[in-house]
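What follows draws every value from the coordinates through simple rules; no lab data is involved. Here the structure is a predicted model, which is why all the values come from computation and not from measurement. Neighbour counts run over all protein chains shown; Cβ positions are idealised from the backbone, glycine included.
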């Protein structure tokens, strides 16, 4: 495990001082990778800017000091998380494994796993999500996102007008509970699950026979009752290209493995009963962002769905704990829930498996709220 996360005080002011993320999590042994039953050890270091430099033992000179080191995601500085994210190309795909499943059933599915990472890697994944979310939420504001990013990476709180502006964009989804006994924001895990799906879809490279023409961004709210995702592809290559769409419903699940099938079933039932309405809402938004033959295709989406046209399809994505993620069998009865989509390839499933998914969602929330 990566145990380079540390918080130290220098000159009487608390701040983040951690090993540079270039010191990879998979390094087998280093002086600062000490272990103890309590997961807290004492490390002699010299604090220099944003980097921990190995210093002399207790009694050394200069700025050398002994500080406690604890393996905990909240002790990973956002600046270190961001640097590792940059080193990995700024993509979640650099941290995942993908496995195809269900080749023999009407609804094939994919298992995407974000598991087995050290604290620094989890922090980097949380940064990728938080940065993308805040960039979208702040929209065209010339000041909101830059102010949030600068303060977050510096580990400082925004003040005055800057805080008021950034708060307006972050608070509707990410405001933490104010009292310890208050219920956690139920919408944060679901919202983070939608962004995991969106970023992973966005990072998928085009193929000669399959080019993405449109990908709907996640909603700005956690209470939107419409469809969660829409993708339009141009398929067929240079021969006879055609446009195809898939409407997605995203769910989060944090229970036991034996109950996730109920969440999958409910998502398909939701698409079966409300798909036409969802596409009518998506059409109004997408039509503003596309033109030409794609724009004309968008205007047909509700009709194509209602008719079960082979140019349309549906997908269900569930973000869940790695302990609850199905490994071999899932989505085997999906075709029974939405019978109008009976053509090959119209149904698709996705499981996004994350170690302690609720905790990861909370880590994204903490990252967003660092400067607030």
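Starting from the 7 Å offset along Cα-to-Cβ, what nm value, one decimal, do you get for the label separation of residue 204 and residue 91?
1.4 nm
For the ranges 212-219, 360-367, what's the packing order if you count other beta-carbon atoms within 10 Å of each residue, average per peptide, and put the highest first?
360-367, 212-219
Could you order the peptides 297-309, 133-145 from most to least packed, using the average number of other C-beta atoms within 10 Å per residue?
Answer by packing, highest mean first, reads 297-309, 133-145.
List the relative contact order of segment 289-372 as a percent without decimals, with contacts defined as Cα pairs under 8 Å and 6+ residues apart.
34 percent
Just to be sure I understand the model, the point goes 7 Å from the Cα along the line to the Cβ. What's the resulting residue 287 to residue 369 distance in nm?
Each label point is offset 7 Å from its Cα along the Cβ direction, giving 4.0 nm.
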